[in-house]
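The values are calculated or read from the model by the stated rules, or taken from the named source; none is laboratory data. Because the structure is predicted, anything quoted here is derived from the model rather than measured. Glycine also receives a Cβ, built like all others from the backbone with ideal geometry; neighbour counts cover every protein chain displayed.
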Amino acid sequence: MQDLKDKTAFVTGAASGIGRGIAVRLAAAGANVVAADVDAAGLDETALAVREVGRNVDVELLDVRDEEAFAALATKFNPDVLCLNAGVFRGGLMWESPVADWEWVMSVNVFGIINGLRAFVPGMIERGRPGHIEITASMAGLVATGMSGIYTASKFAALAMAESLARDLQSVGAPIGVSVLCPSAVNTGIGSSQRSREEAVADDAGANAIEEILTDFCAKGLDPSEVGQMVVEAIQHDQFLIPTRDTFAEFIRVRSEALMRRELPPFQMFD
Ligand SMILES: NC(=O)c1ccc[n+]([C@@H]2O[C@H](COP(=O)([O-])OP(=O)(O)OC[C@H]3O[C@@H](n4cnc5c(N)ncnc54)[C@H](O)[C@@H]3O)[C@@H](O)[C@H]2O)c1
């Protein structure tokens with residue numbers, strides 16, 4: 001999709017971080033934006049930033065876990081670009097993590113994508129216009145670290161869904177490209193994901209420690225608007241994988257070579 005001028009882009013997780021970066025940079029490239037999130041105050045800030053670059057913006061309070069709410073929005077908007085970006089993090093040892101943690105992360109990070117695809121892709125195919133779908137995975141979708149098994153499983157799933165989606169769209173001849181964003185550290189609120197969680201969260205010292213480490217790690221990361229620009233350029237050039245640091249290839253190589261030797265890949269902490 002070379003030309004984003006006057007196209008409509010629907011972005012989830014648009015109230016903060018990378019989602020806001022994507023929304024504003026898409027707008028700067030000429031698109032009108034539908035910004036969706038559970039955070040009303042953050043959505044207002046995103047709307048302001050989109051208007052500042054001179055494009056139209058709709059804000060929608062949407063919990064991506066809500067299949068019906070997603071489907072209702074698909075009767076209201078006809079996006080050319082769909083960015084399924086909303087995501088949350090919870091750390092901890094896999095066997096100690098309560099089912100509630102598994103359900104929360106999987107329902108946002110995996111079912112949030114499934115709900116978005118089921119709501120919007122049939123209409124995008126039917127309209128027959130060139131389009132693009134961006135899915136936000138992570139370097140944690142390419143390399144498994146430690147103390148983050150729930151998140152890692154959700155991001156391996158996100159990457160697999162993007163790859164399968166691209167094949168499925170090709171198989172039906174739809175003129176819709178797919179990109180999967182696999183960021184290294186980006187300076188966002190992901191380390192404080194619990195802020196959007198309604199139910200009381202069981203206190204887990206290990207999980208809290210990992211979330212603090214993640215917060216420090218992200219503070220040293222890229223600016224989300226830089227990452228938003230990488231997404232815009234990938235959409236314009238129909239680029240499938242969007243890494244945010246050049247080191248990504250070495251991480252993949254080390255992991256793949258170990259697997260080819262039938263070994264457990266060595267621990268690699270991405271940057
Ligand atoms: N920041 C990083 O270093 C990094 C690295 C790799 C991947 N990612 C991924 O980037 C994506 C965006 O996260 P971010 O880093 O910008 O963090 P962020 O916390 O700043 O933004 C996430 C947004 O998702 C929203 N959200 C959470 N639950 C939601 C729900 N149920 N429905 C709708 N919206 C919901 C939040 O309100 C927030 O606005 C996530 O998928 C995350 O996993 C981030």
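Note on region 117-134: among residues that are among the hydrophobic types (A, V, I, L, M, F, W, C) and surrounded by fewer than 24 Cβ atoms within 10 Å (Cβ to Cβ), the one that is nearest to TRP102 (Cα to Cα) is LEU117.
Residue-wise test of (1) touching a residue at least 40 places away in the same chain (Cβ under 8 Å); (2) more than 12 Å from the ligand (Cβ to nearest atom).
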residue: PHE156; (1), (2): no, yes
residue: GLY177; (1), (2): yes, yes
residue: GLY191; (1), (2): yes, no
residue: ALA209; (1), (2): yes, yes
residue: CYS218; (1), (2): no, no
residue: GLU233; (1), (2): no, yes
residue: GLN236; (1), (2): yes, yes
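Within region 103-127, residues that are under 17 Å from PHE77 (Cβ atoms) reach partners that are acidic (Asp, Glu) and in a helix (DSSP H, G or I) with beta carbons closer than 6 Å, at six or more positions or on different chains, in the pairs ASN115/GLU67.
The listed residues are ALA202, ALA207, and the only one of them that is modelled with pLDDT under 95, touching a strand residue (DSSP E or B) at 6+ places or on another chain (Cβ under 7 Å) and aliphatic (A, V, I, L, M) turns out to be ALA207.
Only one residue in THR145, THR152, THR136 is more than 10 Å from the ligand (Cβ to nearest atom), in contact with a Gly (Cβ under 9 Å, 6 or more places away or on another chain) and among the hydroxyl-bearing types (Ser, Thr, Tyr), so which one is that? Testing whether each residue is more than 10 Å from the ligand (Cβ to nearest atom), in contact with a Gly (Cβ under 9 Å, 6 or more places away or on another chain) and among the hydroxyl-bearing types (Ser, Thr, Tyr) leaves just THR152. Residues of region 193-207 that are free of Cβ contacts under 8 Å to residues at least 40 places away in the same chain and within 20 Å of the chain's Cα centre (by Cα): ARG195 alone.
With respect to the conditions (1) among the charged types (D, E, K, R); (2) farther than 30 Å from VAL11 by Cβ; (3) modelled with pLDDT under 95, GLU257 falls short on a single one, namely (3).
Being over 22 Å from ALA69 (Cβ atoms) and in contact with a Phe, Trp or Tyr (Cβ under 7 Å, 6 or more places away or on another chain) narrows it down to one of VAL143, VAL99, VAL105, so name that one.
Values: VAL99 fails: in contact with a Phe, Trp or Tyr (Cβ under 7 Å, 6 or more places away or on another chain); VAL105 fails: over 22 Å from ALA69 (Cβ atoms).
None of the others qualify; the one that does is VAL143.
Taking region 115-158 as the range and being at pLDDT 95 or above, farther than 16 Å from GLY177 by Cβ and not small (Gly, Ala, Ser) as the test, the residues that pass are ASN115, ARG118, PRO122, GLU126, MET139, LEU142, VAL143, ILE150, TYR151, THR152, LYS155, PHE156. When restricted to residues that are part of a loop (DSSP other than H, G, I, E, B) and closer than 16 Å to ASP238 by Cα, region 145-175 contains 3.
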